[in-house]
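These notes concern the structure reproduced below.
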2 protein chains.
Amino acid sequence: MNIVIPLFPRFTVLDAVGPYEVLSRLPGAKVTVAAVEPGLVRDATGMLQLDAPVAVADVKSADVLCVPGGPGTRRPDPRLVDWIRAIHPTTKMTTSVCTGSLLLAAAGVLEGLPATSHWFEIDRLADHGAIPTRRRIVFAGKVATAAGVSAGIDLALALAARLDGEDVARAIQLAIEYDPEPPFDAGSVEKAPPAIVELVRSTIQKRMAAGAPL
Amino acid sequence: MNIVIPLFPRFTVLDAVGPYEVLSRLPGAKVTVAAVEPGLVRDATGMLQLDAPVAVADVKSADVLCVPGGPGTRRPDPRLVDWIRAIHPTTKMTTSVCTGSLLLAAAGVLEGLPATSHWFEIDRLADHGAIPTRRRIVFAGKVATAAGVSAGIDLALALAARLDGEDVARAIQLAIEYDPEPPFDAGSVEKAPPAIVELVRSTIQKRMAAGAPL
């Protein structure tokens, strides 16, 4: 089971690591972390670097493609988008977390399909012919998209169940003790107080205007 | 706000990245990723490397110390344990995720304090005078410990609220869309079917015997 996670400058690190922590525990999993330019890739917040030792150009196929999001998706590298377009026909599952779905969409993978993304950016999916669908995880045939950042953990567990059965997924959930107890109930635009939604919107907009991370 | 995350070979990457994704978004946050031997540090599953550009020996103080866990805690590097012992008196908050609490315990930080850890290892806390406490997050004065792996996200949000107020914590929760929907309800030993608990226990024991990751 070849799992490929492509990174790019200003990706959101939890988008990649949430699914990694689940999928890397699947029986026989081999995870390849790749980038257009291999080497250290700096995340959105700018204080952490992950190693992507492999060039995407050297990755010709994947069983599972998992594309993270982050502010780096706003002006995507066309080489990355072209690579996603080329590898998608080889996959068993093509997946994204957060605004990674905008990269799938730019590659034409989501044409006519329901898909989700980070709540702040989800409407942009329609620019590429996808059908924005406000759910935490959206499966559409062999394509699966997750909502913002932390939703990648839920997506990966659902994916683990499809790939290796529900008992394997449950075992991984127990191994990572994923029994969430968020101390607040503000994790979606529907649940957060309107003032918090406005605070996050204006913070993101200010940072976008300044070219800074989401 | 200086946040220090020490890495070590065979750490569990989500233990570190869950809190990183939350705490790096705090106003004025500066995150330092450090290691006894700076450079790339390989995670427990062995297929991902994070960069730890700073030597712990060069980190003399921290506002927030956040120690991840992982199989690398079983035979901890005494230099790391000594460093934790030395830096703890400088912190506003000393925290751990998963078996990171075993490193805090080895450093004497948890002497006489209630603390939690990964469910598989929690009893070992008592070896160092801590009081094993089966909760997802345990605060004891300026020390806070989280249960296994994914619990670091919950810990970090609770910590964000203590450091910068509940609205900042809620805003970060919304920014990372942390509205968890695990597809199964198997995230704790109390909730998982007994056969799944046994499967994970035996898998961990086999891997320990083989010297492989948790």
For chain A: relative contact order, % (alpha-carbon pairs under 8 angstrom, 6 or more apart)
18 percent
Once you order the gyration tensor axes a ≥ b ≥ c over the Cα atoms, which shape class does the range B:2-180 get: rounded for a/c under 1.5, otherwise prolate or oblate by comparing a/b with b/c?
rounded
The distance between the Cα centres of the range A:194-211 and the range B:174-195, in whole Å, is 30 Å
Reachable lysines, given that their alpha-carbon falls under 26 Å from the alpha-carbon of B:K30 and they are not under 8 places away in the same chain:
A:K206, B:K60, B:K92, B:K142
What is the spin-label model distance, in nm, from B:V54 to B:E190 if the labels are put 7 Å beyond Cα along the C-beta direction?
3.8 nm
In nm to one decimal, list the spacings between the B:E166 label point and its equivalents in the other copies, with label points set 7 Å along Cα to Cβ, shortest first.
3.7
Calculated from backbone phi, Karplus (6.51, -1.76, 1.60) coupling profile of the range B:51-68 in Hz, x at Gly/Pro
8, 10, x, 10, 7, 4, 4, 8, 9, 9, 7, 8, 6, 10, 9, 10, 9, x
HN-Hα couplings for the range B:132-142 via Karplus (6.51, -1.76, 1.60; θ = phi - 60°), in whole Hz with x for Gly/Pro, come out as x, 9, 6, 10, 6, 9, 10, 9, 9, x, 8
Counting partner chain Cβ atoms within 10 Å of every residue's Cβ in B:183-194, what's the average?
6
Counting each DSSP H run of 4 or more residues in chain B as -39500 (n - 2.57), what helix-only mean residue ellipticity at 222 nm follows after dividing by all residues, to the nearest 500 deg cm²/dmol?
-9500 deg cm²/dmol
Residues in the range A:190-210 that a label on B:D167 would reach, taking backbone N under 20 Å of a point 7 Å out along Cα→Cβ:
A:190-207
The range A:70-141 and the range B:91-122: distance between their alpha carbon centers, rounded to Å
40 Å
Mean Cα-pair separation over length for the range A:1-100, i.e. relative contact order, pairs under 8 Å, 6 or more apart, %
33 percent
Using θ = phi - 60° and the Karplus relation 6.51 cos²θ - 1.76 cosθ + 1.60, list the HN-Hα couplings for the range A:199-210 in order, rounded to whole Hz, with x at every Gly or Pro.
4, 5, 4, 5, 5, 4, 5, 4, 5, 4, 4, 8
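Each value in this text was obtained by applying a stated rule to the coordinates, not by laboratory testing. Note that this is a predicted model, so its numbers are computed, not measured. So basically every Cβ, Gly included, is an ideal-geometry build from the backbone, and we count neighbours across all protein chains shown.
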